[in-house]
Amino acid sequence: MANYEVDFQVISQVRDEAANASNVTIALRFRRTDYYYVGWNYLDQERWRLNAENFSNQDTGDVSWDLNYGYNNPLPQNQWREVGRNNFRLPHNEDGSLSINIYGKIYFGVNPGTLEARKTITCTPNNRNVKITQFEKNNSTSGTTVGFNWSTSDNIDALHLYDGDTKLKEFSVSGKSGSITYTVTPNRNYRFQIRVKKTGTSLWTNSGYIDHTVGYPSITGDFNFNINSPINLYFTGTTPASSVYLYVNSKDDSNYIAERTNITSSSVSINLTTEQKNKIYQKAGQKDWITIVVVQNLHLNGVETPYQQYSATMQLNISGTAPTFSNYSYSNKNSTISGILGQNKTLANVEGMQVQISTSNKAHSSVSTISKYVCTISGGNNNSFSRTYEAQESQSDVLIDLGAITEYGRYSISVYAVDARGISSSPVTKQNAFEVIDYHVPLATTFELKRQGNFEKEVSLNVVCNISRVSGYNTSFAAYYRYCKTGTSMPSSWTTITNIQNGGTNGDDYRKTITDSNFLILEKGESYDFQFKFKDRFSEVIINPSLSQGVAPLSVYEDGTVAINRVPDFNQTDRAKLQIDGDIMINRNSDDEEVFVAESLESMSTKLNTIEENNAQMLSKLEGKIDRSDIVDNLTSSSSTVPLSANQGRVLKEQINGVLTVETKDLYGQPWGNSMSVRLVKLGSICICNIFWTGATGTSKYGTISEITIPDGFRPYGVVFATTQNVTSNSTYGASTRISISSNGKISFVTDNTGMLERHVTFAYSTV
């Protein structure tokens, strides 16, 4: 039996979504699958029919068709032949879907007769459901509620909120957009979904899911606080109640600031008191911000339970809490100077000016205590001088001594306070507050106290002393002296020197001179310690010279001892009969050459040392080559080939070393709490002294160093003097410092600057 198939083909679908209908064109066709097909119209009886069985009035009835496939033009095997088509107007279902149950019949009139078929055709549906274009949480969401914004493509008249498959609430809505709010339960997880119904239909559309977790109430919002504004805290829920506690830096009882308890609202505002703000500033120090720790507890089952801790930053206004300081006074505490110059003037290199901060003028801080005051003076002749002082806070008036100021000129004062946090007040400056007038203590540029001929009883005095003019204020000068025999006590009274002469001027100084060839009559055989005091209108200076006993140019004593330019030493066990202070010069008549004995002996000693070294080297080289029997113990031999014996060399070396013995002594002391070291190196009767002195001299511009005394054997035969420049860093201050050493070993000084300076000097003197 031949095989035939009948099929339906959807030619087109034109949808009318507004009417929820479609125009659908469907074709009816057949084919032979086992062989080609031959057939033609027979008696004009061929008919076909299409029917949409599930729709009324959608039947074509019988329709004629033309069949003409002869043997010359058969229908190829498996080729479809359309018999007819029809356009159906079909309504869609409410949800927009469309399914057609099609019936078709073909009558050939010839073989194969009649073919029938049925088929369900699904067409493209109309989009009838509403679209959800927005479903998201909004700002109304809190710990107790959750809010959603929604919008749809078409109007809706119903909205249901679900948690998963569980309906939570039905909302009465209308339109295409809106918002809803739902009250949630704390400590629960939600999976929210909305389902909306298109207006006037029963069509529902489901949204996607939004997950939402509701915990216990937490603090949310901005954790950037400002100390001058309320601290606002916001909570995600109100149940259970919360309590909050504020701390500075860390949760510690000592850092506690403020609290609010049993909070049942969604927010709380905390206004800090002045006391609380001050505590924060105290903790902050110099920082303009600080960490605030917010501790939240929950009230669960009637018990306050720790829950969460938050870290916040609080901005501060440090400048607004700086200490307040407005006034101070100043004056010259040196009554001698102020009595002459007034309170607003002082002298260079002399202490006097003082800044006073009375208790009524003390600085004040609302958030801290005052730690110290800082004072700066600036000015001077070249406006280049500056010095800063610090004074600690005290229960009484704060006094700041400005010390000795080395540079003359006008000076301004600036003072500010510093609290315990390190925050400073605004400085209080007083321009051209005081004047420093150039000044130095009376300075003996020339001082000579000696016996006539260095031997006689008559003692002469020659002094040249410079005193500062002080702009014409320094109009008086006096000189005094007192003395005692060496080893005895100095008298308490002074003797006035009357023969003082005006020596004119020297730059900015007055010059005073004392010249007295018959100053005193003193015993020849005694040495004396003196003190001379030179006093101007403002200060005085004391120097401490010594006068040694008289030394005759030539002395002959009963025991035959002869002394030249010295007093003989009668305590020697084997006393030399000839004792000389100084070198001996011999004029050799042969060539008129002047020879100095001591100098020659020293040269000879050097040469002998060199010979000794050379001999040692030579003996080392000649070891085993010299017949020891050739060595004679005789220093008088004139032979140039005979060496000295070892014994003769030892004797000669001992004699030389006895003459050239070197002794050293190191001394150290702390005058006025500062450092002074003295290095003494003695070769024969000559002593080299190195003084290394770094420090201040207190308030004294003259005096005697009590901490160091030159020991016996290293003391000069009489007073000796040395002058050193006053130096600090790379600058010099003042003219100089004169240092003297008396025969009793005492070190004295005269300086025009008492400040912290370096005074270093090296000099030599004779000990006999």
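Remarks
- Residue within segment 386-400 that is in a helix (DSSP H, G or I), small (Gly, Ala, Ser) and without any contact (Cβ under 8 Å) to a residue 40 or more places away in the chain present: no
- Of the listed requirements (1) part of a loop (DSSP other than H, G, I, E, B); (2) surrounded by 16 or more Cβ atoms within 10 Å (Cβ to Cβ); (3) touching a residue at least 60 places away in the same chain (Cβ under 8 Å); (4) not β-branched (Val, Ile, Thr), GLU435 misses just one: (1).
- Looking at SER140, SER153, just one residue is in a loop (DSSP other than H, G, I, E, B), among the hydroxyl-bearing types (Ser, Thr, Tyr) and either surrounded by fewer than 16 Cβ atoms within 10 Å (Cβ to Cβ) or touching a residue at least 12 places away in the same chain (Cβ under 8 Å) (or both), and that residue is SER140.
Listed here are the residues, each with its yes/no results for (1) assigned to a strand (DSSP E or B); (2) touching a helix residue (DSSP H, G or I) at 6+ places or on another chain (Cβ under 6 Å); (3) under 28 Å from LYS524 (Cβ atoms).
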residue: ASN690; (1), (2), (3): yes, no, no
residue: GLY698; (1), (2), (3): no, yes, no
residue: PRO711; (1), (2), (3): no, no, yes
residue: ARG715; (1), (2), (3): no, no, yes
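- Some residue of segment 333-356 being more than 22 Å from ILE467 (Cα to Cα), in contact (Cβ under 8 Å) with a residue 24 or more places away in the chain and of a type in the set (Ser, Thr, Tyr): no
- Qualifying position, being under 30 Å from SER267 (Cβ atoms) and buried (at least 17 other Cβ atoms within 10 Å of the Cβ), among TYR182, TYR162: TYR182
- Elements of type strands (runs of 3 or more DSSP E) in segment 202-273, at least 2 residues being within 24 Å of ASN138 (Cα to Cα) and touching a Phe, Trp or Tyr at 6+ places or on another chain (Cβ under 7 Å): 210-214
- If the condition is being crowded, with 18+ Cβ neighbours inside 10 Å and over 27 Å from the mean Cα position of the chain (by Cα), then segment 271-292 contributes only LEU272.
- Residue in segment 95-102 that is modelled with pLDDT under 95, under 30 Å from SER202 (Cα atoms) and loosely packed, with under 13 Cβ neighbours inside 10 Å present: no
- Residue within segment 112-132 that is in contact with a Ser or Thr (Cβ under 9 Å, 6 or more places away or on another chain), within 30 Å of ALA2 (Cα to Cα) and assigned to a strand (DSSP E or B) present: yes
- Yes/no for THR321 being surrounded by 15 or more Cβ atoms within 10 Å (Cβ to Cβ), within 30 Å of LYS283 (Cβ to Cβ) and not aliphatic (A, V, I, L, M): yes
- Only one of the listed residues (THR238, THR273, THR261) is among the β-branched types (Val, Ile, Thr), over 27 Å from PRO323 (Cβ atoms) and at pLDDT 90 or above. That residue is THR261.
- Any hit, segment 194-211, residues being of a type outside the set (Phe, Trp, Tyr), touching a His at 6+ places or on another chain (Cβ under 9 Å) and closer than 30 Å to VAL293 by Cα: no
- Some residue of segment 18-32 being assigned to a loop (DSSP other than H, G, I, E, B), on the phi > 0 side of the Ramachandran plot and in contact (Cβ under 8 Å) with a residue 60 or more places away in the chain: yes
- Odd one out for LYS197, checked against (1) under 19 Å from GLY147 (Cα atoms); (2) assigned to a strand (DSSP E or B): (1)
- Meets criteria (closer than 30 Å to SER743 by Cβ and at pLDDT below 65) for VAL651: no
- Enumerated strands (runs of 3 or more DSSP E) restricted to segment 475-574, each holding at least 1 residues that are touching a Leu at 6+ places or on another chain (Cβ under 7 Å), surrounded by 12 or more Cβ atoms within 10 Å (Cβ to Cβ) and in contact (Cβ under 8 Å) with a residue 24 or more places away in the chain: 509-521, 528-536
- Residues that are more than 30 Å from LEU98 (Cα to Cα), of a type in the set (A, V, I, L, M, F, W, C) and at pLDDT 90 or above were ranked within segment 29-78; the one that is surrounded by the fewest Cβ atoms within 10 Å (Cβ to Cβ) is VAL38.
The values are calculated or read from the model by the stated rules, or taken from the named source; none is laboratory data. All of these numbers come straight from a predicted model, not from anything done at the bench. For neighbour counting, all protein chains shown are included, and Cβ atoms are generated from backbone atoms with ideal geometry for every residue, glycine included.
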